[in-house]
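Everything below concerns the one structure shown next.
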Amino acid sequence: MRAFHLAWLSLFSCFFSTFAIPPLLEVIRKDLNLTQTDIGTAGIASFIGSIFSRLAMGPACDVFGPRVASATLSLLTAPVVLSTSLISSAKSFILVRFLIGFSLANFVASQFWMSSMFSGCTVGLANGFAAGWANVGSGVTQLVMPLVYTLFTTCFNIPSFISWRIAFIFPAIFQAATAILVLVYGQDLPDGNYKRKITNNQSENFCSLLFNGLKNYRGWILGLTYGFCFGVELTTDNIIAAYFYDRFHVNIEMAGGIAASFGLANCVSRPVGGIISDKMGKRFGMRGRLWSLWAVQTVAGLMCVLLGRVNTVWASVLVMACFSLFVQAASGLTFGIVPFVSKRSLGVISGMTGSGGTLGAVITQLLLFSGSTKFSTQTSISIMGLMMIVFTLPITLVYFPKWGGMFCGPSNIDEDDENYHLLH
């Protein structure tokens, strides 16, 4: 349980840092004279950085263990968060967002850590709560950063162009502190040190682990579907505050509060996804886990379509709340399946799936919210929902020889392959 709390708190700080910029975007845009294209490019850059770091984090966890991999990345990216206070141009703004995005690879370490610590019958619950509570950081920062900025401008009469820069000291210190806690108090496995464990099997080198994971088609499909649940969630975190600010003309504090509610829903919705996955798995086996993921993510897509169609602020808030519950639960359901794909290359599969999430965010941000698209923001949101519905369909192709798939039963009940067995 100590590892559980360290995992979600460390990842919480990374989400807090990564999404600390969007709630202050209106102030930063005026100070740096940013165009809409600059803002869109920066949003894409933050996700591109996360793609590569997540891909690397999976094998790093397999080789070094989640504790060292997670803490090292947090300590390396904390100074980048602090450097946000020094940016002075559009190019430096884009570069900082790109580098900060690397910290989100700690998501892979967190899910790997929980999958190593908890048994198969509760792994969906553990992954759901760890990731769900951590993702709340993307909502808390939407609420906290405007308040910190307002505190400096109103209570201390510090000019606006200085206040927003000072505000970024807090997320940098927070991220570094959680990394140190992970190193000092964390433990890789229930029975000890991860490095000691991997030395018992010298044949498992980096390349074999990587190849074993990459050749598993289930990891690729889960990466695709995750790209259009968690990826859409990341894109929404990036654009939702500005959407309410521009379309409904609410002030920056209210826009931040509305955006915060989207991220804060993770406290409940993603863990519920993990619980549903475990419950359906116990009752219907792997078929229950797969059907639950398809159904919840499809409903989330419908809610996203509706979000772009409603025309009043409070109706939009209501639909956004429903959308957040389903899209975040779908993320929890996805990682209720991931631990069963490959035990030997769990880190690689987690990295592939996690990278798919950020790749989906890059695709949706680039195609729909880059500043150069001809669609309005509300139309782009609806199109994003349609993309979710379409790209959830490949989950029907996932099949496990020992447990079956959505439409077919198992073909080899007695199979004892270490890559496809329940982690009981």
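Val136 falls short on exactly one of the conditions (1) more than 16 Å from the chain's Cα centre (by Cα); (2) at pLDDT below 85, and that condition is (1). Has the range 90-105 got any residue that is modelled with pLDDT of 85 or more, of a type in the set (Ser, Thr, Tyr) and over 22 Å from Gly357 (Cβ atoms)? So far as the range 90-105 goes, yes, one or more of its residues are modelled with pLDDT of 85 or more, of a type in the set (Ser, Thr, Tyr) and over 22 Å from Gly357 (Cβ atoms). When the range 61-74 is filtered for residues that are under 19 Å from the mean Cα position of the chain (by Cα) and crowded, with 24+ Cβ neighbours inside 10 Å, the ones remaining, listed by number, are Cys61, Pro66, Arg67, Ala69, Ser70, Leu73, Ser74.
Tell me, which residue of the range 139-168 that is open to solvent by 70 Å² or more (accessible area, probe 1.4 Å) and under 26 Å from the mean Cα position of the chain (by Cα) is farthest from Phe12 (Cα to Cα)? Here the residue is Leu147.
Where in the range 1-66 are there helices (runs of 4 or more DSSP H), lying fully within it, with 1 or more residues that are touching a Lys or Arg at 6+ places or on another chain (Cβ under 9 Å) and of a type in the set (Ser, Thr, Tyr)?
Values: elements: 2-18, 25-32, 36-64.
Once the helices (runs of 4 or more DSSP H) in the range 1-66 are filtered for at least 1 residues that are touching a Lys or Arg at 6+ places or on another chain (Cβ under 9 Å) and of a type in the set (Ser, Thr, Tyr), what remains is 2-18, 36-64.
Being at positive phi, open to solvent by less than 10 Å² (accessible area, probe 1.4 Å) and outside the structural domain of Gly356 (by the TED database) is a property that Gly58 lacks.
Out of the residues in the range 109-133 meeting the condition of being among the aliphatic types (A, V, I, L, M) and open to solvent by 40 Å² or more (accessible area, probe 1.4 Å), tell me which one is modelled with the lowest pLDDT. Break it down stepwise before answering.
Restricting attention to the range 109-133, the residues satisfying the condition of being among the aliphatic types (A, V, I, L, M) are 109, 114, 117, 123, 125-126, 130-131.
Checking the rest, the ones that are also open to solvent by 40 Å² or more (accessible area, probe 1.4 Å) come to 117, 125.
Working: Met117: 85, Leu125: 78.
If we take residues in the range 109-133 being among the aliphatic types (A, V, I, L, M) and open to solvent by 40 Å² or more (accessible area, probe 1.4 Å), then Leu125 is modelled with the lowest pLDDT.
When Cys267 is tested against (1) of a type outside the set (D, E, K, R); (2) buried (at least 19 other Cβ atoms within 10 Å of the Cβ); (3) at pLDDT below 85, exactly one condition is not met: (2). On the basis of being under 30 Å from Thr35 (Cα atoms), in the same structural domain as Leu222 (by the TED database), at pLDDT 85 or above and among the hydrophobic types (A, V, I, L, M, F, W, C), does Leu367 make the cut? When the stated conditions are applied, Leu367 passes them.
Among the residues of the range 281-301, how many are in contact (Cβ under 8 Å) with a residue 40 or more places away in the chain and surrounded by fewer than 16 Cβ atoms within 10 Å (Cβ to Cβ)? If you could, list the steps in order and put the result at the bottom.
Initial filter on the range 281-301 (in contact (Cβ under 8 Å) with a residue 40 or more places away in the chain): 281-282, 285-287, 289-294, 297-298, 300-301.
Now restrict to residues that are surrounded by fewer than 16 Cβ atoms within 10 Å (Cβ to Cβ): 282.
The number of residues fulfilling the criteria is 1.
The values are calculated or read from the model by the stated rules, or taken from the named source; none is laboratory data. Here the structure is a predicted model, which is why all the values come from computation and not from measurement. Ideal geometry is used to build each Cβ from the backbone, glycine not excepted, and the neighbour counts take in all protein chains shown. We work out accessible area using only protein heavy atoms, side chains counted, and drop any ligands, DNA or RNA first. Shrake-Rupley method; radii C 1.70, N 1.55, O 1.52, S 1.80 Å.
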